[in-house]
């Protein structure tokens, strides 16, 4: 119904009638009309991934491993057409867009709190903002691939490539890119989790 008429045009009474349940029953499962359309949005427990990482693994390494695993997985149960339709409903609705932003803000704040103990409040807030923006961009690119007609397998493969590039950028910055939009890593044989990148300043300190 949301995809056919738009979120704002559909009433809760119509949703309840289509589901053949009482409105009170509907609200026992979904506290708001918005929550019916936003299931899963902002549900990734970024703070939990950071807090539960193994000793010796950095926050970025833990998050990279999580999204690398997702991209490499079978993605069973995902309906590409339904997912794209749902995303379009959210984008086309000011109410849902605002609600989505609020959920993503809460997710970012929790991530910042998880990072604060190790990095301090100021740095943690900036790190959380960069990580959250990067993950949102990865998701948008994945949805665009599906909207363009890519199969789940194709979109997942591209997502896997984007995850590696995105976390390389988070870990080492833009200056390590080689060429325009080629996605190749120009670091000296190191990627996050593969060892410390050589620092020219270290050589100067020893002279």
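Derivation of every value follows stated rules applied to the coordinates shown; laboratory data play no part. All figures in this text were calculated on a predicted structure; none of them were measured in a lab.
Using the alpha-carbon centroid of each, what span in Å lies between the stretch 1-69 and the stretch 116-169?
18
With only alpha-carbon atoms counted, please give the Rg and Dmax of the stretch 40-176, in Å.
15.5, 44
How high is the relative contact order of the stretch 1-145? Use alpha-carbon pairs under 8 Å, at least six apart in sequence, and give a whole percent.
Value for the stretch 1-145: 29 percent.
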